[in-house]
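Trainee: I have a structure I would like to understand better, so I am pasting it below and will then ask my questions one at a time.
Every number here is computed from the coordinates shown, using simple stated rules; none is lab data. Since the model is a prediction, treat every value here as computed from it, not as a measurement. Don't worry about glycine lacking a Cβ; one is built from the backbone with ideal geometry, like all the others, and counts go over all protein chains shown.
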Amino acid sequence: MDVQIVGSRGILFTFYDLEMPTNVYVINTIGTYFIVDTYLGEDPMIAIEDYLIEHFGNKKKIVINTHSDWDHIWGNSYFEDNLIISHEKCKEDILKNGEHFLKEHSRLKRGFRKLVVPNMTFKEKITFSEGIEIFHSPGHSVDSISIFDRVDNVLYAGDNIEYPIPFIQFEDIKGYIDTLRKYLELDADIFIGGHTEVENADIVKSNKNYLEKLLCGNSIDIEDDSIKVVHESNSKFLDSINSNDER
Ligand SMILES: [Zn+2]
């Protein structure tokens with residue numbers, strides 16, 4: 001587990017059990033830890049809690065799930081007596097598909113105990129007096145939400161930003177571009193994704209640029225083989241949407 005301090009009150013925990021680094025972000029306010037995503041189970045959450053208590057003491061905890069993908073929610077059970085917040089569609093999706101993904105990726109569990117769904121959901125936006133705003137931001141998935149820390153001007157984007165190009169798995173690409181446009185209007189200094197490093201607005205601009213080109217059917221030159229795989233999968237996904245539309 002890597003630990004990186006971000007701004008005056010952000011702590012980025014990064015784990016390496018999957019093919020790509022995966023983040024849990026904590027906003028350490030005076031009375032409350034806002035814990036964004038819960039990774040693969042209770043073991044990493046215990047490590048995070050130990051770190052927080054050792055450095056900053058015991059505080060109330062509020063958990064936020066950026067979206068329903070399995071690599072971000074399996075540690076929810078560790079916080080089941082606390083507030084766990086998500087978009088309403090996130091809860092629906094975990095109830096519908098959670099067991100399936102649990103079976104499919106079972107070997108990646110890290111101290112997994114049970115699936116726990118969020119106990120507070122919303123549609124558009126929640127604001128906390130600590131200077132934290134959580135808002136619906138569909139893109140990577142229909143249920144994706146983002147967390148804006150106004151004190152440090154940090155936007156935590158979940159899997160809506162990816163390096164170097166986004167992986168598309170939800171059909172509303174125009175909506176995805178709109179979300180990235182909104183991100184840029186917020187004028188945050190720092191952007192962090194579920195699998196990125198600490199970034200600036202460049203990653204948002206280049207992800208947006210890629211999606212715009214893809215949607216217009218412009219040719220996109222990609223040399224790196226590992227990125228080509230993602231790009232080809234995106235192109236196929238787009239073709240399948242277009243052929244569905246024609247039917
Ligand atoms: Zn992810």
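Trainee: Tell me the angle of helix 88-104 to the major Cα principal axis of the chain, expressed in degrees between 0 and 90 and rounded to the nearest ten.
Mentor: Relative to the chain, helix 88-104 is tipped by roughly 90 degrees.
Trainee: If you project the alpha carbons of segment 162-247 onto their three principal axes, what span does each projection cover, largest first, in Å?
Mentor: So the three principal-axis extents are 43, 28, 22 Å.
Trainee: Right, here's the next one. Sorting check: for 78-87, 137-146, 177-186, 101-110, which peptide has the highest mean count of neighbouring beta carbons within 10 Å, and how do the rest follow? Kindly include the intermediate steps, with their values, before the conclusion.
Mentor: Values: 78-87: 19.6, 137-146: 24.3, 177-186: 17.0, 101-110: 13.0.
Packing order, densest peptide first, comes out as 137-146, 78-87, 177-186, 101-110.
Trainee: While we're looking at this one, here's another question. If I fit a long axis through the Cα atoms of helix 225-246 and take the longest principal axis of the Cα atoms of the chain, what angle between them do I get, 0 to 90°, rounded to 10?
Mentor: Value to nearest ten degrees: 70.
Trainee: Which of ASN242, GLN4, VAL24 sits farthest toward the positive end of the charge dipole of the chain, with +1 on the Cβ of Lys and Arg and -1 on the Cβ of Asp and Glu?
Mentor: The listed residue farthest towards the positive side: VAL24.
Trainee: With a ≥ b ≥ c taken as the square roots of the eigenvalues of the C-alpha gyration tensor of segment 116-193, please select rounded if a/c is under 1.5 and otherwise prolate if a/b is larger than b/c or oblate if it is not?
Mentor: The shape class here is oblate.
Trainee: Which of rounded, prolate or oblate describes the chain when judged by the alpha-carbon gyration tensor and an a/c cut-off of 1.5?
Mentor: Prolate.
Trainee: Round to a whole angstrom and tell me the spacing of the C-alpha centers of segment 189-247 and segment 1-21.
Mentor: Here the answer is 24 Å between Cα centres.
Trainee: Once you put a point 7 Å from the Cα of ASN119 and another 7 Å from the Cα of LYS103, both along the Cβ direction, what distance in nm separates them?
Mentor: 2.9
Trainee: State to the nearest 20 debye the size of the charge dipole of segment 28-175 about its Cα centre, where the only charges are +1 on K and R beta carbons and -1 on D and E beta carbons.
Mentor: Using Cβ point charges on Lys, Arg, Asp and Glu, segment 28-175 gives about 260 debye.
Trainee: Could you work out the relative contact order of the chain? I mean the mean sequence separation of Cα pairs under 8 Å and 6+ apart, divided by the number of residues, in percent.
Mentor: Reported relative contact order: 14 percent.
Trainee: If you plug each phi of segment 201-210 into the Karplus form 6.51 cos²θ - 1.76 cosθ + 1.60 with θ = phi - 60°, what whole-Hz ³J(HN,Hα) values come out, in order, with x for Gly and Pro?
Mentor: After applying 6.51 cos²θ - 1.76 cosθ + 1.60, I find 5, 4, 5, 5, 4, 6, 5, 5, 4, 4 Hz.
Trainee: On to the next question. By how many degrees, between 0 and 90 and to the nearest 10, does the Cα long axis of helix 42-56 differ from the longest principal axis of the chain?
Mentor: Compared with the principal axis, the helix lies near 60 degrees.
Trainee: Extension gain ASN218-ASP172, at 0.36 nm per residue separation less the Cα-Cα distance, in nm?
Mentor: Numbers: separation 46, 0.36 × 46 = 16.56 nm, distance 1.81 nm.
Additional length available on full extension: 14.7 nm.
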